[in-house]
Amino acid sequence: MFTLKKQELRARRAQFETVHGTIQTPAFMNVGTSATIKGGISSIDLVELKCQVELCNTYHLHIRPGDDVIRQLGGLHKFMNWQRPILTDSGGFQVFSLASLRKIKEEGVYFASHIDGKRIFMGPEESMRIQSNLGSTIAMAFDECVENPATLAYATKSCDRTTRWLYRCKEEMERLNSLPDTINPKQLLFGINQGCTFENLRIKHMQEIAQLDLDGYAIGGLAVGEPTGEMYRIIEEVEPYMPKEKPRYLMGVGTPVNIIEAVWRGIDLFDCVMPSRNARHGHLFTWKGRINIHNAKYQLDDTPIDDSCDCPACKHHSKAYIRHLFKAGEMLGMRLCVQHNLHFYNTLMERVREALDEGRFAEFREKYKNILDKRI
């Protein structure tokens with residue numbers, strides 16, 4: 001059940017009730033590709049870091065350890081000891097990211113595994129079966145993500161195929177959820193809007209998939225090469241056609257300012273590897289802008305990463321110490337930085353929700369939109 005609690009122009013404040021718990025939105029989904037977040041972060045850590053939802057990767061878990069293995073161990077929640085909601089992507093993004101290793105046909109996609117070169121086939125039914133074996137809270141429909149810029153002819157052809165695949169996903173998920181031995185018979189299905197940066201195609205596709213009355217809808221195929229302004233323009237064009245009573249998810253986005261701007265345009269859910277990936281290289285987000293912990297000016301800095309932050313790294317350690325850990329090649333440095341960035345993103349969403357609750361999100365946006373992505 002998705003309940004809209006408050007709205008400020010297009011920005012929405014809601015709660016999303018699932019079989020694995022309630023998600024307060026807008027929310028950021030922390031990306032744990034292989035059932036863990038890179039950087040030595042455990043499921044227990046994620047609770048302290050205010051994570052509401054974790055996102056796991058269907059393709060990678062299918063390759064290793066195998067979705068059949070996870071099913072035999074009781075599903076993804078039990079496997080990784082995480083009791084809150086999990087969203088699994090469909091494997092469709094690998095259609096985009098593994099371009100040199102794949103062939104797309106009407107029945108699905110033929111891959112070569114990036115691990116050992118083994119041939120793999122994944123179509124709508126296979127994606128649904130893998131995600132059912134994982135037992136995630138939310139399963140994403142199998143789609144094709146097209147790189148920008150693309151021709152209108154190819155984008156149209158791809159959209160039509162994605163729609164046909166979506167019908168197959170819905171039918172297969174209904175069948176799987178009806179089986180007596182399904183791990184999560186209340187698994188939800190989100191459809192994905194595609195259409196590159198062609199607004200008419202995006203709108204037409206959104207209108208088509210909205211007719212299926214799915215559990216939620218995502219905007220995919222953005223932040224894959226187009227300018228940021230184009231991304232915002234497409235969100236604005238598509239948003240009026242997204243069902244208002246369903247959660248809206250912008251896939252793979254993004255920076256703190258990207259998220260604030262997308263919330264302003266009516267988006268509820270986000271995911272991105274940026275906070276953890278940047279942290280592993282010493283690039284950290286603060287309420288005054290971004291810092292690089294490798295900089296020499298932090299060698300004698302005995303203050304925390306952000307003096308307004310209460311994450312484990314900021315509560316107990318200085319910038320000088322964390323910089324030393326990186327220079328010494330100690331894994332703890334990376335772990336502390338990942339903790340900080342995830343805590344920052346989850347706190348950002350907490351403050352966004354508070355601003356919406358109090359009717360001051362426009363003021364919040366104006367205050368931070370020129371600060372949070374700035375390099376210090």
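Table: residues versus (1) over 18 Å from the mean Cα position of the chain (by Cα); (2) free of Cβ contacts under 8 Å to residues at least 40 places away in the same chain; (3) more than 22 Å from Thr88 (Cβ to Cβ).
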site: Glu245; (1), (2), (3): yes, no, yes
site: Tyr249; (1), (2), (3): no, no, no
site: Gly252; (1), (2), (3): no, no, no
site: Leu269; (1), (2), (3): no, no, no
site: Gly289; (1), (2), (3): yes, no, yes
site: His294; (1), (2), (3): yes, yes, yes
site: Lys297; (1), (2), (3): yes, yes, yes
site: Asp306; (1), (2), (3): yes, yes, yes
site: Cys309; (1), (2), (3): yes, yes, yes
Just one of Leu336, Leu356 is out of contact with any strand residue (DSSP E or B) (no Cβ under 7 Å at 6 or more places or on another chain), in contact (Cβ under 8 Å) with a residue 24 or more places away in the chain, under 22 Å from Asn30 (Cβ atoms) and part of a helix (DSSP H, G or I); which is it?
Leu336
Tally, over region 17-52, of residues that are assigned to a strand (DSSP E or B) and either over 16 Å from the mean Cα position of the chain (by Cα) or farther than 19 Å from Thr347 by Cα (or both)
5
Mind checking which residues of region 57-84 are of a type in the set (Phe, Trp, Tyr), assigned to a helix (DSSP H, G or I) and at pLDDT 95 or above?
Phe79
Among (1) under 19 Å from Gly39 (Cα atoms); (2) crowded, with 19+ Cβ neighbours inside 10 Å - the single one Met349 does not satisfy
(1)
Any residue at all in region 262-278 that is surrounded by fewer than 23 Cβ atoms within 10 Å (Cβ to Cβ), outside the structural domain of Phe326 (by TED's automatic domain parsing), acidic (Asp, Glu) and not in a strand (DSSP E or B)?
no
From the options Leu222, Leu214, residue that is within 22 Å of the chain's Cα centre (by Cα), of a type in the set (A, V, I, L, M), assigned by TED's automatic domain parsing to the domain that holds Gly254 and within 22 Å of Gln131 (Cβ to Cβ)
Leu214
Checking the structure you have, find out if any residue of region 105-115 is out of contact with any helix residue (DSSP H, G or I) (no Cβ under 8 Å at 6 or more places or on another chain), assigned to a helix (DSSP H, G or I) and under 29 Å from Ser158 (Cβ atoms).
no
Go through region 145-184 and give me each residue that's in a loop (DSSP other than H, G, I, E, B), among the hydrophobic types (A, V, I, L, M, F, W, C), farther than 13 Å from Gly195 by Cβ and in contact (Cβ under 8 Å) with a residue 12 or more places away in the chain.
Ile183
Inside region 193-229, can you point out the residues that are in a loop (DSSP other than H, G, I, E, B) and of a type in the set (A, V, I, L, M)?
Leu212, Leu214, Leu222, Ala223, Val224
Can you name the condition, by its number, that Phe111 falls short on among (1) under 28 Å from Phe270 (Cβ atoms); (2) at pLDDT 95 or above?
(2)
Checked against (1) among the hydroxyl-bearing types (Ser, Thr, Tyr); (2) buried (at least 17 other Cβ atoms within 10 Å of the Cβ); (3) out of contact with any His (no Cβ under 7 Å at 6 or more places or on another chain), Thr137 satisfies every condition except (3)
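The values are calculated or read from the model by the stated rules, or taken from the named source; none is laboratory data. From a predicted model like this one, the values you see are computed outputs, not experimental measurements. Positions of Cβ are backbone-derived with ideal geometry, glycine not excepted, and every protein chain shown enters the neighbour counts.
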